[in-house]
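A quick write-up on the structure given underneath.
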Ligand SMILES: [Zn+2]
Ligand SMILES: [Zn+2]
């Protein structure tokens with residue numbers, strides 16, 4: 001499969017995925033959650049590329065720029 005999978009995921013300070021419910025300040029809503037606090041967003045691509053930003057907006061922006069690097073590559077022409 002030549003198709004690239006790009007996504008933006010919330011992360012903790014150590015880079016691990018934060019799939020917890022957090023408030024607007026990045027603190028866990030449920031004290032029982034093993035959450036150290038959401039500190040940023042990581043844009044990832046199935047090619048191995050990643051970029052971590054403090055804001056989802058910035059991570060999404062980086063992700064879009066990265067996606068463009070794939071679409072301009074002739075070899076990726078078949079990627080949807
Ligand atoms: Zn968390
Ligand atoms: Zn990529």
All positions within the stretch 1-18 that are touching a helix residue (DSSP H, G or I) at 6+ places or on another chain (Cβ under 7 Å), surrounded by 15 or more Cβ atoms within 10 Å (Cβ to Cβ) and in a loop (DSSP other than H, G, I, E, B):
4
Total residues in the stretch 1-41, condition in contact with a strand residue (DSSP E or B) (Cβ under 8 Å, 6 or more places away or on another chain) and within 9 Å of ligand 1 (Cβ to nearest atom):
15
In the stretch 19-60, anything surrounded by 13 or more Cβ atoms within 10 Å (Cβ to Cβ), in a loop (DSSP other than H, G, I, E, B) and away from ligand 2 (no atom under 16 Å from the Cβ) is listed as 20, 26, 27, 33, 35, 36, 37
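Every number here is computed from the coordinates shown, using simple stated rules; none is lab data. Predicted, not measured: the structure shown is a model, and the values here were computed from it. Note: ideal-geometry Cβ built from the backbone for every residue, glycine included; neighbour counts use all protein chains shown.
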